[in-house]
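Below is one structure, written out as structure tokens; comments come after it.
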Amino acid sequence: MMKYLVALVKLLMIQFLLYGLFCCSNIDSNKLKPNLPIYQDYYVTFDKTQNKTKVEATFRETGKDGTKLVLKGDANVRFNGQSETKYTTLFHYFYTWETNGVKDVDVIYTKNSTTRFVNTFSLRSAPKVDFIDGFSTLYLDQDISMGWKGSAIEPNEKLSVTITQKGRNAYFNVSNVGATSIVINNLKNSGITRGPALINIKRRRIDSSLGQSDMGAGGKVTFEVSIDRGITIQ
């Protein structure tokens, strides 16, 4: 048993090191040739319950599989004229900006002293989702088909539902094009019990084009709309 645990720890350490080497590798932007095209990747979250907007950004040389950039020298990114509120190279998105209110965001990526790109992201461009009027109850021992306010699922979209209760979570999702409901399976084996709980809906869509991109490098924006509601599990 001890040999197995030691081997498992070694394997996990190797995987962690490989993740650090290949998933989080980056290069300073001022070390690149000025004419090298840059891929822009944005993730925009409109949290209607918390009344917040968050934009995450990362940049890659040449294309979507290129090395991630640390913006140096004249290069920077601004969100409604402001600098990022968080920066880290540990995760997929290096630059994060968050603000109170659900609002449009102008993202200005300055590549160098002569070139910049402006993209505007708004709630009007995001997928529409909300709870159906009167929805307040789920049943512990029944499979339930739950609809939502908004159109059917479109290509490159995913809708997820998370039920949270006393630190326990049950997660469901649907991405079938044309779907107008999501099945909430029997909750008995999820750890959820009868009583009050919180339900969250997230609807995401990936748009594989930007208003302004850098030559042939392209880019994408992922829109996410999130909303919570208190419910009763019966």
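Throughout, read-outs are computed from the coordinates displayed, never taken from laboratory work. Bear in mind the structure is a predicted one, so any value in this text is a computation, not a measurement. Here the Cβ is made from the backbone with ideal geometry for all residues, glycine too, and neighbour counts use every protein chain on show.
Miscellaneous remarks
- Ranked from largest, the principal axis spans of the Cα set of the stretch 26-125 equal 43, 28, 21 Å.
- For the stretch 50-56, 3J(HN,Hα) computed residue by residue from phi via the Karplus equation (6.51, -1.76, 1.60; θ = phi - 60°) reads 7, 6, 9, 10, 10, 10, 10 Hz, glycine and proline entered as x.
- Backbone phi angles across the stretch 153-162, fed through the Karplus curve with coefficients 6.51, -1.76 and 1.60 (θ = phi - 60°), yield HN-Hα couplings of 4, 9, x, 6, 10, 8, 10, 10, 10, 10 Hz in residue order; Gly and Pro are listed as x.
- Counting only lysines at least 8 places from K48 when in the same chain, those with an alpha carbon closer than 18 Å to its own are K103, K128, K149, K158, K202.
- Cα-Cα pairs of the chain separated by more than 24 Å (percent): 56 percent
- Divide the volume of the convex hull around the Cα atoms of the stretch 137-205 by the residue count and you get 82 Å³ per residue.
- For V70, residues with placed amide H under 5 Å, excluding near neighbours: I27, D28, S29
- Residue ranges 218-230, 69-81 sort as 218-230, 69-81 when ordered by packing (mean number of other C-beta atoms within 10 Å per residue, highest first).
- Whole-number percent relative contact order across the chain, with pairs defined as alpha carbons under 8 Å at least 6 apart: 21 percent
- Rounded to the nearest whole Hz, the Karplus-based 3J(HN,Hα) values (6.51 cos²θ - 1.76 cosθ + 1.60, θ = phi - 60°) of the stretch 73-81 follow the sequence x, 7, 7, 6, 10, 10, 10, 6, x, with x at glycine and proline.
- Spin-label model distance (nm) - K166 vs S83, 7 Å beyond Cα toward Cβ: 4.6 nm
- Alpha-carbon centroids, the stretch 38-114 and the stretch 143-215: separation in whole Å: 25 Å
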